[in-house]
Amino acid sequence: MIGPAIRRAIATALEATLQSLNQALENSLTPQSFAWRLEALQTGKSFAEVVLLRTLLYRVEQVFLIHKETSLLLHHVAAPGVETLDADLVSAMLKAIQDFVCDSFNTSSGDSLDTLRFGELTLWIEQGPQAVLAGVIRGNAPYELRTVFQQAIEKIHQVQGKALADFQGNAAVFEASHADLEDCLRSRYQHKKQGNKAYAWVAMGMLLLALGVFGFFGFRARQRWATYLEQLKAEPGIVVIEAKRGWRKYFITGLRDPLAVDPAQLLQPVGINPQAVVSQWEPYLSFDSELAATRVKDLLKPPATVSLSLDEDGVLRMSGTAPRAWIAEAQQLAQFIPGVTQVEVADLIETEAELESIQRQIENQILQFQEGQTAIAPHQDESLQTLVEQIKRLITIAAALNQTVQVEAIGRANNNGSEAQNLALSQSRADAIVALLVSAGIEPESLTARGIGTRNPLQNQSGISTVEINRSVSFKVSLTDESHSEISNP
Amino acid sequence: MIQKKICMVGAFATGKTSLVARFVRSIYSDVYQTTVGVKIDKKLVNLDSQEVSLILWDLYGEDELQKVRMSYLRGASGYFLVVDGTRRSTFETALALQAKVEQTIGAVPFILVLNKLDLQADWELEEGRSPR
Ligand SMILES: Nc1nc2c(ncn2[C@@H]2O[C@H](COP(=O)(O)OP(=O)(O)OP(=O)(O)O)[C@@H](O)[C@H]2O)c(=O)[nH]1
Ligand SMILES: [Mg+2]
């Protein structure tokens, strides 16, 4: 019964205050007021209401001097701008509620109600022997304010004790307490400063700058994200299904071939913090030729001597040399590889065939010497060079087939001179060639030298005399299968 | 200006709130809304060319469960004892209340109101007859 009435009174009073406050603040431009305006906008409260709420520490809005016995109002003051409901009624209600509380809660006779709260409003009642002082306070009043109230009610009793005792309903005489009551109308706000315009503009400028910087960063982040998405789209084996930019975070989902690049690795180069990206990649098989080629390599594991190419139509071309077994297996496998539609092996040479051919070429070579000499005869650099390359190639190819190569340099001499001399001469010639080959970079372990003198002479060939042809070094290649070497060479 | 506290006392539903409403705001309603606690109103009257402000305390009506608290009557310059003519018991309640009030705040002037004149046909009280 009392609550609503007082509340209404307060509401009216508040409204008046707000109106004047509104006018005062409407034109001021401070960063603070900007923040308040924002809050007002967000909460749906009026700007002035927000200001009051944010700055008010406390404010005594009304003070009632009430005769205790009759509960009649003796005097009443209100803060400027505060309009009040009928103070007579309020004072009676106040007394009624006090009586009600005292009766209802059986307080001992000395006790009395001295504080009431309705939301933001506090009602303070300061008891005197004949009269009470009641203050309506918004906010949190400091305890010191109690003293102010106490002193006021004491003073009123001192000065008007007789009038209080004789009170018959005529309150005119208590006009004299006006100043004491007004003294209780105190308030404190947090910010009493007038808006400093220069400060306000600086703050405003900073705000704009901040917005600008924010905007720039936002723009840059957007650019980076777009770049990243572009790059992802260009990557084979990556399909972006959904990409979203949230506040501070990015979300991306899509398909990724296990052979495609790791999308996370593209982030740093474009300047996006990988931490900020939540990504979900489902694995899939891409038919992109680039990826299919990678897949082919992974599965077929071609020897270094083979080169593969996969065209747009999925035609896989293999060239180079490869062991017969590998070629057969690769042909089988390749047709089952996703992205491969056809396998072309026409350009692929079997390693075994090449090996045989090189072996034949090496064994057909002879390096010649002059009569009685152990140094190679001049004008054979080209032949020597070819030989070196052939041996090297032979070693490489043999390795691919798990075979080791032994090249034996066989030295000869013609039948001039004694057999013993010829044997020594032929050995020296073989040794000389091996030395040349080693110096050309062939592993000495792959080479042996043997002089056979005049035994097993070469038959004359293409117009070279038998005498000439046997002042020479020829070669014998032997291949040992590594996996069987122990069996074949016990 | 002179102010006076006046109380409305009586049994429940005798018409205390209705009387105040009629007096202060000149309105009347058939709807019964029982008073909880105290309801306070104000009425300015002219008395011998002097303005008097009457602060009217409309107290809740007494019934078997709830007796009227005397503390509400403290400081009253006078009171109305309201009786519902159609219920004899309300007269008895009024008498008991009057005695109690006088005991608490002294011999303060009061007016006994016999209400619901329009229902005089149903009255349980008759002129010149002692209720008992
Ligand atoms: N017929 C008739 N009905 C009345 C009269 N005065 C009041 N009433 C009705 O009596 C009922 C009770 O009236 P209230 O004024 O609420 O009574 P009250 O004494 O305030 O009741 P409590 O507050 O409960 O003690 C209401 O329905 C009124 O309309 C009257 O003069 N004549
Ligand atoms: Mg009532």
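Annotations
- When the stretch B:51-67 is limited to residues that are crowded, with 22+ Cβ neighbours inside 10 Å and within 14 Å of ligand 2 (Cβ to nearest atom), the one that is nearest to the other protein chains (Cβ to nearest Cβ) turns out to be B:57.
- Conditions (1) more than 10 Å from ligand 2 (Cβ to nearest atom); (2) within 12 Å of the chain's Cα centre (by Cα): number failed by residue B:14: (1)
- Taking each residue of the stretch B:26-38 that is within 14 Å of chain A (Cβ to nearest Cβ) and closer than 25 Å to residue B:76 by Cβ and looking for partners that are within 13 Å of ligand 2 (Cβ to nearest atom) and open to solvent by 100 Å² or more (accessible area, probe 1.4 Å) with beta-carbon atoms closer than 8 Å, six or more apart or interchain, yields B:36/A:1; B:37/A:1; B:38/A:1.
- Inter-residue pairs, beta-carbon under 8 Å, first at the interface with chain B (Cβ under 9 Å from one of its Cβ atoms) and in the stretch A:64-84, second polar (S, T, N, Q) and part of a loop (DSSP other than H, G, I, E, B), 6+ apart: A:67/A:130; A:68/A:130; A:69/A:130; A:70/B:77
- Residue count, the stretch B:14-25 (criterion: near ligand 1 (Cβ under 6 Å from one of its atoms) and within 14 Å of chain A (Cβ to nearest Cβ)): 1
Condition check ((1) touching an Asp or Glu at 6+ places or on another chain (Cβ under 9 Å); (2) small (Gly, Ala, Ser); (3) touching a residue at least 60 places away in the same chain (Cβ under 8 Å)) across all residues:
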| site | (1), (2), (3) |
| --- | --- |
| A:386 | no, no, no |
| A:421 | no, no, no |
| A:428 | no, yes, no |
| A:444 | no, no, no |
| A:453 | yes, yes, no |
| A:456 | no, no, no |
| A:460 | yes, no, no |
| A:471 | yes, no, yes |
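- Residue A:390 vs. criteria more than 24 Å from residue A:467 (Cα to Cα) and not charged (D, E, K, R): yes
- Boolean, residue A:429 is open to solvent by less than 50 Å² (accessible area, probe 1.4 Å), modelled with pLDDT of 90 or more and either within 60 Å of the chain's Cα centre (by Cα) or of a type in the set (D, E, K, R) (or both): yes
- Among the residues of this structure, residue A:266 counts as one that is in the same structural domain as residue A:223 (by TED's automatic domain parsing), in a helix (DSSP H, G or I), in contact with a Phe, Trp or Tyr (Cβ under 9 Å, 6 or more places away or on another chain) and not charged (D, E, K, R).
- Condition met for residue A:355 (under 14 Å from residue A:390 (Cα atoms) and open to solvent by less than 40 Å² (accessible area, probe 1.4 Å)): yes
- Tally of residues being near ligand 2 (Cβ under 9 Å from one of its atoms) and either over 16 Å from residue B:8 (Cα atoms) or not β-branched (Val, Ile, Thr) (or both) across the stretch B:20-38: 2
- The residue list A:317, A:256, A:324, A:248 contains one member that is surrounded by fewer than 18 Cβ atoms within 10 Å (Cβ to Cβ), within 22 Å of the chain's Cα centre (by Cα) and basic (Lys, Arg), which is A:248.
- Among residues of the stretch A:343-367 that are part of a helix (DSSP H, G or I), those with a beta-carbon under 6 Å from a residue that is of a type in the set (S, T, N, Q) at least six positions away or on a different chain give the pairs A:351/A:321; A:354/A:321; A:358/A:390; A:361/A:390; A:362/A:390.
- Within the stretch B:78-97, the set of residues being farther than 14 Å from residue B:6 by Cα and either open to solvent by less than 20 Å² (accessible area, probe 1.4 Å) or in contact (Cβ under 8 Å) with a residue 60 or more places away in the chain (or both) comprises B:83, B:84, B:85, B:87, B:89, B:90, B:93, B:94, B:97.
- Condition broken by residue B:119, with the remaining ones in (1) without any contact (Cβ under 8 Å) to a residue 24 or more places away in the chain; (2) open to solvent by 60 Å² or more (accessible area, probe 1.4 Å); (3) over 30 Å from residue A:171 (Cα atoms) satisfied: (1)
- Hey, residue B:8 under 20 Å from residue A:72 (Cα atoms), touching a helix residue (DSSP H, G or I) at 6+ places or on another chain (Cβ under 8 Å), within 14 Å of chain A (Cβ to nearest Cβ) and at pLDDT 90 or above or not: yes
The values are calculated or read from the model by the stated rules, or taken from the named source; none is laboratory data. Fair warning: this is a prediction, and the values are worked out from it, not measured in the lab. Quick reminder, even Gly has a Cβ in these numbers, built from the backbone with ideal geometry, and neighbours come from all protein chains shown. These area figures cover heavy atoms from the full protein model, side chains too; ligands, DNA and RNA do not enter into them. Shrake-Rupley method; radii C 1.70, N 1.55, O 1.52, S 1.80 Å.
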